[in-house]
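In what follows, a single structure is set out as structure tokens and then discussed.
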Amino acid sequence: MGERTQVHKATEEPRNVQNEHEEVDFETAISLTGYGKFNYMLNLVAISAVWSTVFETSTVSYILPSAECDLGLSNLDKGILNAMVYGGMISGALFWGFFSDTLGRHKLLIAGYYLLAAIVVSSSLSQAFWILTVFKFLGGFAAGGPFAILWTYIAEFSSCQHRARAMMIVGLYASIGNVATPALAWLLIPQSWSWTLFGGYITYNSWHIFLLASALPSFLAGCGMLCFSESPKFLMSCGRRDEALSVFRRIYSINTGNPPESYPVKSLLEDKAGVLTSDAPNNRLSTLLKLGIKQMKPFLHKPHVGKAALVFTIQFGGLWGMNTVRLWLPQLFAIIEEYFIINEPVSGIGTICDMLASHIGLKNVFNETLIPVDETCVRVKIGDTMYVYSIIVGATTVVFSLSASSVINFLGKKKILVIGYVLSCCCVVSMYWCNSMEMLLALASVFVGAGSVCTNALMSVVVDLFPTSLSKAEEDFPVLGKDRFIRLNAFKDFAAPIFTCFYAVRESTLKNNTMASLPGTLAFDEYGRPFIIIRDQQNQKRLTGIDALKSHILAGRSIANTLRTSLGPKGLDKMMVNSDGDVTVTNDGATILKLMDVEHEIAKLMVQLSQSQDDEIGDGTTGVVVLAGALLEQAEVLLDKGVHPIRIADGFELAAQCAVKYLEKIADSFPVNADNLEPLIETAMTALGSKIVNKCHRQMAEIAVQAVLAVADMEKRDVNFELIKVEGKVGGRLEDTMLVKGVVVDKDFSHPQMPKVLKDVKLAILTCPFEPPKPKTKHKLDVTSVEDYKALRQYEAEKFSEMVQQVKDAGATLAICQWGFDDEANHLLLQRQLPAVRWVGGPEIELIAIATGGRIVPRFEELSPDKLGHAGLVRELQFGTTKDRMLVIEECKNSRAVTIFIRGGNKMIIEEAKRSIHDALCVIRNLVQDNRVVYGGGAAEIACAIATSQEADKISSLEQYAFRAFSDALESVPLALAENSGLSPIHTLTEVKARQVKENNPALGIDCMLKGTSDMKEQHVIESLHSKKQQIVLATQLVKMILKIDDIRSPNDGMSM
């Protein structure tokens, strides 16, 4: 009953969806996707796909006259070549049919067309009859399956209203392919091309090129199929209804231009008639034999046995007759054209058999031996008529297909089949008495055109008659009729056991070949789907489901709890000691996580989360990790309640979108004006409030603001951080930190007697050393006498002098050299009164060039006055009793380059000060780029928590729990701030939250500094909107990814953090 119901559903009109939660069948679902751009794109790819099979089955007919002498072909050889393609199709029929219903249509289409393209290219190199025969057999094997699968594939993407027409259109493409084949042959084969390759082993003639060109449609079809997805009807038959629904939504979106979510179907009805199930895997031969018989059984029992027998018989006879004539037509046209040229016949010359009997080199066309009388090969004279008439036959087929596609819905498929087969029969019988080329052309055109229409119509009938698990195998069986030498009944009786034996051998071979590279044992279920049994399971640890999720959550929360106490202005520092004993004291989240020795993969994701926030924003690295840990904690609570992790993740995503929208709503515009720096300084002080530099954070904030504004492009709202250099020197106090509007280089003048202060300096920036030129190859210099040594010394002195003079002649008053120079050159520079600095690093060289407007010169010969840099003052600084010296280049031509010079009591303090300054610079940079701000102290998080909690009350689905959990997670930030400030977390948060609701003031937060007011606007505690949005989005994305991991495989006994 189930199968009969399925057939009825395939033909009835689709019903409308009354309820969005109603489960609908395939026909209703596909009809609601419409007919549009997606179907047009599929039809475009189908052109190449159909042509690939047409070319493979027809090319032999056109190369036979040309290849007859090249390959030494007899008439028997020609028949074998024509039959080999269909022999390959027969051998692969069950192979393709079986795997298309187990592995799917889409994968096999892609693999089949690429395989066919490779085989056709290889066949073009054939130099012997047996080689071409083998390749044609393989080509038939590769072409038959995808061609039959294509019909099912296209039909399953068409609704019942358009399915018959879609089948006829595909048939039309085949008809057009029958025109394209002789046209391509006409273009290439008559050419007198011939090349000898590989020392004479391969001769490449024009018919070889024709074979090569015929591989193009197969390659294009394989590429085109990559753009599509699996058939939705196949997915429904496998029970994969969610995947099928996604395909329907994609088709709907492409056809209508509407978003996929607006597709009216929300659930699909289970395809009980064709659901494929898998039992315990068993690869014994007996099981495989049973599987093959099971695949064939439905065709031998009611209700399919009668329909299957009828379809087999009709298509066997139709394809037998049509292909018998179609494949020999080019050869017939060539032979009969030659006969008329030689004999100049008159009306009533005789039958077509009389014409064939007079073919040069044959005693009689019916001679049983089919051996030529004269062993010398006589080429058939090939004129244009053969190709023109073949094109006319193909064009007639196109006309028939167009006509049939227009009237099939009016006449019906049954009448089309009756009319077509009767007309074909009359034409083929009449061919016996034709006595002219024109009569043969007319009869052949009608015969082939009508037969093609009938074949296409019958394919459409098959799709409607049989359920999806049988229709593909049903379509493959008609391929058997294409070879007139095979009896259908014998094939049906023996195909199933032969195929299952072949499958067992193939499975054994595949296992032996791949076992060495697999981590276990390869096995197959009863439908041929492979799976791997992993070896050494006893030595591996595996967590799945809730256990795996809780392991992830535990690792993430551990990282978050580590950073929780470092959040806010009263946050505590962490001391990190590496393996070398280097100590780092910091409360910067990104730095702490970077220096932690983390092994757990989820914990590493938390580290990367903080690093992403640091790279993008430069601030908020601790808050984003604390928020992610809180979200994981709330997710664990929901998991314990039985909520599915995907529903939790989706709910968090929606809640994050709600929070981000609310942040944009409550954001204020912040004034960024170079004439009023006080608001920016106060903002920078907020960023520095929790850092080690907070005792002089006013001074540090002013330095950060001035540095950013010095390099900022206010018109483009952009800040080039490459123009800001941060240098540090141990010694002095933090209060000694200063901003240098220029460049600070950790070098001194090359000679102690050179002046310590230079004014109005012209700098020569050199990357070439002060030394005599040397050959770039290995060399040695023999000095055999005092005169030689003196000459060498004189040469070096002259070169040094020449180099110094070149610098002086260019007008330089200071030489900056990337390389060093010896004492002699240094002394010469002092004598010539040319101060110099040596061993300046590459980044410093570039920064000096930018600041002074100079050019980096690689050779002394290229130095000129226009390449010199300009600076108003260059001075040497000396620090304490250590006599450490640094150069300061100030009053530069490009005043936008600045250096922040940090002093401190030890290296640790200087490094932490650098990190603090970096955060302040990033905050000011963000305000320059986007001047919208929200208020800190947890005020923004509390406001968003209230907004998401209110939104949860409006949601009726399961996601409302995720919304409330997200709201609770947002409150973890103000709770941590209150706790780290020594306040009562719950009481403080409750009070502030109540005031926010009552006063509708989103600026109320945690008074961490105990200033007596919770209004962060009054305290000027602000954060950039971009930073806060980034924290929420990044934390949510990470938690969503973690919640989707439900399987852990570990090679060791434990997973440490």
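The values are calculated or read from the model by the stated rules, or taken from the named source; none is laboratory data. Small disclaimer: the values here were computed from a predicted structure and weren't measured. Here the Cβ is made from the backbone with ideal geometry for all residues, glycine too, and neighbour counts use every protein chain on show.
Structure data summary
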| read-out | value |
| --- | --- |
| Any pair with Cβ under 9 angstrom, 6 or more apart, that starts in the range 621-639 at a residue that is in the same structural domain as Asn561 (by TED's automatic domain parsing) and farther than 8 Å from Gly589 by Cβ and ends at one that is in a helix (DSSP H, G or I) and among the aromatic types (Phe, Trp, Tyr) | Leu631/Phe652; Leu631/Phe966; Gln634/Phe652; Gln634/Phe966; Ala635/Phe652; Leu638/Tyr961 |
| Leading residue by the ranking (modelled with the highest pLDDT) among those in the range 30-40 that are touching a Phe, Trp or Tyr at 6+ places or on another chain (Cβ under 8 Å) and in a helix (DSSP H, G or I) | Phe38 |
| Among the candidates Gly571, Gly620, residue that is touching a strand residue (DSSP E or B) at 6+ places or on another chain (Cβ under 8 Å) and either buried (at least 23 other Cβ atoms within 10 Å of the Cβ) or closer than 28 Å to Asp930 by Cβ (or both) | Gly620 |
| Identity of the residue in the range 941-961, aliphatic (A, V, I, L, M) and at pLDDT 90 or above, that ends up surrounded by the fewest Cβ atoms within 10 Å (Cβ to Cβ) | Ile946 |
| For Leu609: the one exception among (1) of a type in the set (A, V, I, L, M, F, W, C); (2) part of a loop (DSSP other than H, G, I, E, B); (3) under 31 Å from the mean Cα position of the chain (by Cα) | (2) |
| Condition met for Lys725 (within 43 Å of the chain's Cα centre (by Cα), over 26 Å from Gln1030 (Cα atoms) and of a type outside the set (Ser, Thr, Tyr)) | yes |
| Selection count where residues are part of a helix (DSSP H, G or I), crowded, with 19+ Cβ neighbours inside 10 Å and at pLDDT below 85, scope the range 805-825 | 1 |
| Residue match in the range 692-709 (condition: closer than 15 Å to Arg915 by Cβ and polar (S, T, N, Q)) | yes |
| Some residue of the range 691-704 being buried (at least 20 other Cβ atoms within 10 Å of the Cβ) and part of a strand (DSSP E or B) | no |
| Criterion (under 25 Å from Leu830 (Cβ atoms) and surrounded by 11 or more Cβ atoms within 10 Å (Cβ to Cβ)) met by exactly one of Leu739, Leu758, Leu723 | Leu758 |
| Among (1) of a type in the set (A, V, I, L, M, F, W, C); (2) touching a Cys at 6+ places or on another chain (Cβ under 9 Å); (3) not in a helix (DSSP H, G or I) - the single one Ile1006 does not satisfy | (2) |
| Subset of the range 613-628 that is at pLDDT 80 or above and within 30 Å of the chain's Cα centre (by Cα) - its residue that is farthest from Ala684 (Cα to Cα) | Ala628 |
| Strands (runs of 3 or more DSSP E) contained entirely in the range 857-926, each with at least 1 residues that are modelled with pLDDT under 85, over 46 Å from the mean Cα position of the chain (by Cα) and in the same structural domain as Lys759 (by TED's automatic domain parsing) | 869-879, 884-892 |
| Scope the range 191-213; condition touching a Ser or Thr at 6+ places or on another chain (Cβ under 8 Å) and exposed (fewer than 15 other Cβ atoms within 10 Å of the Cβ); matching residues | Gln191, Ser192, Trp193, Ser194, Trp195, Thr196, Leu197, Ile202, Thr203 |
| Lone unmet requirement of (1) surrounded by fewer than 18 Cβ atoms within 10 Å (Cβ to Cβ); (2) touching a Lys or Arg at 6+ places or on another chain (Cβ under 9 Å) for Glu971 | (1) |
| Residue satisfying all of: in the range 579-604; surrounded by fewer than 19 Cβ atoms within 10 Å (Cβ to Cβ) and part of a helix (DSSP H, G or I); farthest from the chain's Cα centre (by Cα) among these | Leu595 |
| Options Leu834, Leu863, Leu830; residue that is out of contact with any helix residue (DSSP H, G or I) (no Cβ under 8 Å at 6 or more places or on another chain), surrounded by 16 or more Cβ atoms within 10 Å (Cβ to Cβ) and farther than 28 Å from Val726 by Cβ | Leu830 |
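A quick yes/no check of all residues on (1) outside the structural domain of Asp25 (by TED's automatic domain parsing); (2) buried (at least 24 other Cβ atoms within 10 Å of the Cβ); (3) within 30 Å of Leu245 (Cβ to Cβ):
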position: Val120; (1), (2), (3): no, yes, no
position: Ser126; (1), (2), (3): no, no, no
position: Phe135; (1), (2), (3): no, no, no
position: Leu138; (1), (2), (3): no, no, no
position: Ala142; (1), (2), (3): no, yes, no
position: Gly145; (1), (2), (3): no, yes, yes
position: Ala148; (1), (2), (3): no, yes, yes
position: Ala155; (1), (2), (3): no, yes, yes
position: Ser159; (1), (2), (3): no, no, yes
